[in-house]
Amino acid sequence: MRKLSLLCRSFTAASLIGCGFAAIGSLGLGTGSACAADELWPQWRGEAQNGVASGDHFPTQWSEETGVDWKVKLPGSGGSTPVIVGPHAFLTYGADNKNHLAAVNLKSGKTDWTVELGTDRGNKHRKGSGSNPSAVTDGKHVYAYFRSGDLACVDTDGNVKWELNLQEKYGEDTLWWDLGTSPLLTDNAIVIAVMQSGPSYVVAIDKTTGDELWRTERMLDAPEEAAQSYATPLNVTVDGKAMIAVMGADHLTLHNAKNGKQVGILGGFNPDGEKFFRSISSPVALGEIIVCPYARGATLTTVNMKMLAAGKGDESIIWFRDDLGSDVPTPAVQNGNVYLVGDGKANRGQISCLDIETGKAKWQVQLPKSRQGFSSSPLVAGNHLYVTQEDAVTYVIGPLDAENPAIVATNELGDNEPFTVASPVPAGDSLLIRTHDYLYRVSGKSK
């Protein structure tokens, strides 16, 4: 059983440098892309999957009356975070019993096109929908995934290139609640992690043809609901090799990105066999360090993936804490810092900045007490951290380079109906915020 204390192992800063993320180079969105860098957010947590925006000029203050460029009512329900490439934001929703993928014009807020992609199957949970997973884009195509099992490739003009249904192909969804994991894009594939009570696997689908490239069973010894995960896998580079990190079912696993073969596994995240430790918050990585929230927000474990791939098991753990964590929001990482949103009963609204090497807190900020929870994930944009509550209130914390950052703004929007679950994303020097019923573009500028 893992000791419930702060474990610190020796670790050098040099191992943080030069490791990078496979996602950055593999998405085909480098300097050869036709889209500008400030109009690029190709997947749920950004290009590097770290929740960090490029650029340094972002709004810090807005309201329903001021600083909103446009606001558009969405025709259906969904919790997916928008992704951006070129002139469009792409998001999913369910309407008229169908799954939809829509292209929203960033300049006007108007929907330039929408396509139907299978039958909507959602709302098992009051916060959920059939359209919780965020789409991903390689700049030419958009790939959308839904709770119904439908996975589709659509070009940026709205033409469907291929469709398939993972549940028809591999077995029905047995999750207790609505699907949450988003697809992952590698250099040639769309990767989906299915972790549930029953047949569980990681599968790679050829992004051009829709054919299966590989499929790896991921049946692990986790009890009841603990076998279920809503987390999203990560592209990582370990010892110079492209790998995929998957967190869920009481285990962290590493897989070869080319063939899906498991190359590392770490258990012990649920030493007492708690039945209901389902995973929602996803891991986040910086170089060869991966940070894994677990235990319904009660623990945080950081692992050296190179050591894990070398078969070191528990020796690969850098540090472990059982006095803070995050159940639903996925942390952000930047410059050796981990930004964490506490959302449990004991630490709701506690924002922590941790040193990724040691796990020690550099600073903490307590947001105002509220009955509202946190389902969206934090965004680092410029010199501030953006944290959106389930009533669409966004707190801006900073400056991040100050010794003691503080709340610099509290921004409310008119659509405060529960639940805002999508995360804020950068769009040029503005932000997109998807609330329960609307999509907003906020620049903080007066009209």
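Placing +1 on the Cβ of each Lys and Arg and -1 on the Cβ of each Asp and Glu in the chain, which of Ile407, Trp70, Val238 has its Cα farthest towards the positive end of the resulting dipole?
Ile407
With a 1.4 Å probe and all protein chains left in place, how much accessible area per residue does segment 220-376 have, in Å²?
For segment 220-376, the per-residue accessible area is 34 Å².
Enumerate the calculated ³J(HN,Hα) couplings along segment 245-251 in order (Karplus 6.51 cos²θ - 1.76 cosθ + 1.60, θ = phi - 60°), each rounded to whole Hz, writing x wherever the residue is Gly or Pro.
Once θ is set to phi - 60°, the couplings for segment 245-251 become 9, 10, 10, x, 6, 6, 9 Hz.
Could you rank the peptides 178-191, 268-281 by their average count of other C-beta atoms within 10 Å per residue, with the highest value first?
Listed from highest to lowest mean packing, they are 178-191, 268-281.
What number comes out for the charge environment of Cys153, summing +1 per Lys or Arg and -1 per Asp or Glu over other residues with Cβ under 13 Å away?
Residues near Cys153 contribute -4 overall.
Taking θ = phi - 60°, what integer Hz values does the Karplus form 6.51 cos²θ - 1.76 cosθ + 1.60 yield along segment 301-315, in sequence order, with x for Gly and Pro?
My calculation for segment 301-315 gives 10, 10, 10, 7, 5, 5, 5, 5, 5, 8, x, 7, x, 4, 5 Hz in order.
Would you work out which of Gly268, Met219, Tyr201 lies farthest towards the positive end of the dipole of segment 193-278, given +1 charges on the beta-carbon of Lys and Arg and -1 on that of Asp and Glu, about the Cα centre?
Tyr201
Please give the contour-minus-distance gain from Asp272 to Gln366: 0.36 nm per residue of separation, less the Cα-Cα distance, rounded to one decimal in nm.
Contour length minus the Cα-Cα distance gives 30.8 nm.
In what sequence, highest mean first, do 100-111, 381-392, 215-226 appear when ranked by Cβ atoms within 10 angstrom?
By packing density, highest mean first, the sequence is 381-392, 100-111, 215-226.
Computed from the coordinates I sent, Cα extents along the principal axes in Å equals one of [x] 71, 53, 51; [y] 66, 47, 41; [z] 56, 52, 42. Tell me the label.
[z]
About its Cα centre, how strong a charge dipole does segment 99-258 have in debye, to the nearest 20, once Lys and Arg get +1 and Asp and Glu get -1 at the Cβ?
420 debye
Each residue of segment 283-292 in turn: what ³J(HN,Hα) in whole Hz from Karplus with 6.51, -1.76, 1.60 and θ = phi - 60°, glycine and Pro shown as x?
My calculation for segment 283-292 gives x, 9, 10, 9, x, 9, 9, 10, 10, 10 Hz in order.
Under a plain spin-label model, where a point goes 7 Å from the Cα along Cα-to-Cβ, how far apart in nm are Asn97 and Glu412?
Roughly 4.0 nm, to one decimal.
In whole percent, how big is the carbon plus sulfur part of the accessible area of segment 202-299, probe 1.4 Å, protein atoms only?
After summing per-atom areas, the C and S share lands at 48 percent.
Evaluate E = 1/(1 + (r/R0)^6) for Glu168 and Glu64, where r is the Cβ-Cβ distance and R0 equals 60 Å; express this FRET efficiency to the nearest 0.05.
0.85
Would you grab the residues whose amide H sits under 5 Å from the one on Val284? Only those 5+ places off in sequence or on another chain, please, with H modelled 1.01 Å from N.
Val291
Could you name the lysines in cross-link range of Lys241, using Cα to Cα under 18 Å and dropping any fewer than eight places away on the same chain?
In chain and number order, the partners are Lys258, Lys261, Lys306, Lys312.
Which lysines have a Cα lying under 27 Å from the Cα of Lys369, excluding residues fewer than 8 positions away in the same chain?
Lys127, Lys345, Lys360
Can you give the FRET efficiency for Asp314 and Trp113, using 1/(1 + (r/R0)^6), R0 = 35 Å, r = Cβ-Cβ distance, to the nearest 0.05?
The formula returns an efficiency of 0.10 here.
Scan around Val425 for amide H atoms under 5 Å from its own, H built in the peptide plane at 1.01 Å from N, and keep only partners 5 or more places away or cross-chain.
Here Leu432 satisfy the definition.
5 Å is the cut-off here: which amide hydrogens, built 1.01 Å from N in the peptide plane, fall below it relative to Ser80, excluding neighbours closer than 5 in sequence?
Answer set, sorted by chain and number: Thr92.
Express the relative contact order of the chain as a whole percentage, based on alpha carbon pairs under 8 Å and six or more residues apart in sequence.
17 percent
Can you tell me the dipole magnitude for the chain around its Cα centre, using point charges on the Cβ only (Lys, Arg +1; Asp, Glu -1), in Debye to the nearest 20?
That gives a dipole near 460 debye.
Could you tell me the relative contact order of segment 207-362? Use alpha-carbon pairs under 8 Å, at least six residues apart, and round to a whole percent.
16 percent
The values are calculated or read from the model by the stated rules, or taken from the named source; none is laboratory data. None of these values were measured; they are calculated from a predicted model. Positions of Cβ are backbone-derived with ideal geometry, glycine not excepted, and every protein chain shown enters the neighbour counts. Surface accessibility is based on the protein's heavy atoms, side chains included, excluding ligands, DNA and RNA. Shrake-Rupley method; radii C 1.70, N 1.55, O 1.52, S 1.80 Å.
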